[in-house]
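Accompanying notes for the structure given below.
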Amino acid sequence: MKESAAGTGDGTWPRSVAVLSDQEYLSVFNDPDRVERLEDREALLIPYSLPPEATEDEVVATRELLRSSGQLASGALLIQNPYDEKSYVPASEALETLAVAKYHHLAVVASLLGAQELRVTDAKVERKNSDTRGSAKAAVKGVGVEADASMQYASELEAHLKLETDFGGSAPEPDDAMDYIRAHNLVADHSVTALVTLRRGKNPVLRYQLTMDATRESQRNITSALGLTKALPKLIELNGNFARTAEAVSSIKITTEIKFPKLGQ
């Protein structure tokens, strides 16, 4: 049976995509040690314009998606946005971009639950190694930065996470909030779904401090992209700082404070 041209055969889109020049794509196809890479539906190799030699439907659909978004360029390495499976972000920007994206999705959930204020109060980069220098703390609203090996990355993250959002406040709509959570792949984050529960009933929460893992949903997609760079190091050029950081970071924890209006206000 012919597979759907919308994404991979099971109805999803690849977790990572590398766009190769036509010549580079043919070099992979003609290399017995690398040709099997063309069959990988999660980490997809796309020729810039040639007809694909494998996973034809997936390549054609994904290439058209990238073309329509202005992201089709030889040498591009892209990571799927886990909150919107039909959109991709450049790998070199993925950690920061997707961390901020999760905050904005939380802001929508908070709005649906009637929030008045949403503030980031802390952000921490947790590393996979246990070195005492390996825990970086990003300064958010006056919190100091620890001197360690991750200072540069923490500083970059800080700039993206100085976030504040104000609302008018309203009655909670928990069912709408849960629909939004399901639609954007946030169900597995229990800190977010717990907020919905706490806004139900006769005694809804008025202040909630939430710490969420901003890499939970995107980790497999980032790992997929790193796998491509290791398998095809001469064909896929990736910013070295991103590669080192992505391999070292185990999670980005963002702590937020959410305030809701009192009943009757």
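All of the numbers you see were taken from the coordinates with simple rules; none came from a lab. Since this is a predicted model, take the numbers as computed values, not measurements. Cβ sites come from the backbone with ideal geometry, for glycine too, and all protein chains shown count toward neighbours.
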*How high is the relative contact order of region 6-120, in percent, with contacts defined as C-alpha pairs under 8 Å that are six or more residues apart?*
26 percent
*DSSP loop trypsin sites (Lys or Arg not before Pro) in region 17-97 with at most 14 other Cβ atoms within 10 Å of their Cβ, which ones?*
Lys86
*asked:* Take the residue pairs Lys128/Lys253; Lys102/Lys162; Lys128/Lys234; Lys86/Lys230; Lys124/Lys162 and return only those whose Cα atoms are more than 18 Å apart.
replied: Lys128/Lys234; Lys86/Lys230
*q = 0.15, 0.28 Å⁻¹, region 56-131: log10 I(q)/I(0) [Debye, one scatterer per Cα]*: -0.73, -1.32
_Placing unit charges on C-beta atoms (Lys and Arg positive, Asp and Glu negative, everything else neutral), compute the dipole magnitude of region 5-83 about its Cα centre in debye, rounded to 20._
360 debye
*Of Ala123, Val35, Ser74, which is farthest along the charge dipole of region 1-130 in the positive direction, counting Lys and Arg as +1 and Asp and Glu as -1 at C-beta?*
Ala123
*Residue by residue, what Karplus-based ³J(HN,Hα) values in Hz, rounded to whole numbers, does region 19-32 have, using 6.51, -1.76 and 1.60 with θ = phi - 60° and x for Gly and Pro?*
9, 9, 5, 4, 5, 5, 4, 5, 5, 6, 4, 8, 9, x
